[in-house]
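Shown next, in structure tokens, is the structure this report addresses.
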Amino acid sequence: MDIPPTPSPLTHDFQVRVRYKEVDQMGFLYHGNYFTFFEVGRTELLRSCGYSYREVEESGLFGVVVKAECSYRKPAKYDDLLTVRTTLKRITRVKLEYEHQIVRDSEVLAVGHITLAFVDRAQNIQRVPDWMKPEN
């Protein structure tokens, strides 16, 4: 399956090469490291829209993961060049829902779904800022 062109700004791709420190004894990307790649994908998607996560925090909002899952189809291996595709799939009043794909060549190796909610410094749930909604 070929990766379709990246639609902007709700989808962002970046490439990463699997480093030795990221693999297990079998030479496979350690399962927890997929979530690190997902986080980088969300950060870079936000940056591609002209914002930084630092700015979000400076505004008094903090994104917290309230749901995280990953379906592993095939292992990524040491020195593989991977494409991490992050798509903002849904925005509710208080949550952002993302889909992540880890792709080697044109093969999808893993698919993850992450849901973020926003809280303030006192950990009170906050609405998704209007500036984060695509229609604005």
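A few comments on the model shown:
- Checked against the criterion of being of a type in the set (A, V, I, L, M), at pLDDT below 95 and surrounded by 15 or more Cβ atoms within 10 Å (Cβ to Cβ), region 79-87 has no qualifying residue.
- Subset tally (residues that are closer than 18 Å to Thr11 by Cβ and surrounded by 17 or more Cβ atoms within 10 Å (Cβ to Cβ)) for region 112-127: 4
- Among the residues of region 32-55, those that are touching a residue at least 12 places away in the same chain (Cβ under 8 Å) and touching a Pro at 6+ places or on another chain (Cβ under 9 Å) comprise Leu45, Ser48, Cys49.
- Any hit, region 101-114, residues being under 18 Å from Cys49 (Cβ atoms) and either hydroxyl-bearing (Ser, Thr, Tyr) or more than 10 Å from the chain's Cα centre (by Cα) (or both): no
- Test for Leu61: is it buried (at least 17 other Cβ atoms within 10 Å of the Cβ), within 21 Å of Ile114 (Cα to Cα), more than 16 Å from the chain's Cα centre (by Cα) and modelled with pLDDT of 95 or more: no
- Among the residues of region 42-85, those identified as over 27 Å from Val23 (Cβ atoms) and among the polar types (S, T, N, Q) are Ser48, Ser52, Ser59.
The values are calculated or read from the model by the stated rules, or taken from the named source; none is laboratory data. Keep in mind the model is a prediction, meaning the values are calculated, not measured. Glycine also receives a Cβ, built like all others from the backbone with ideal geometry; neighbour counts cover every protein chain displayed.
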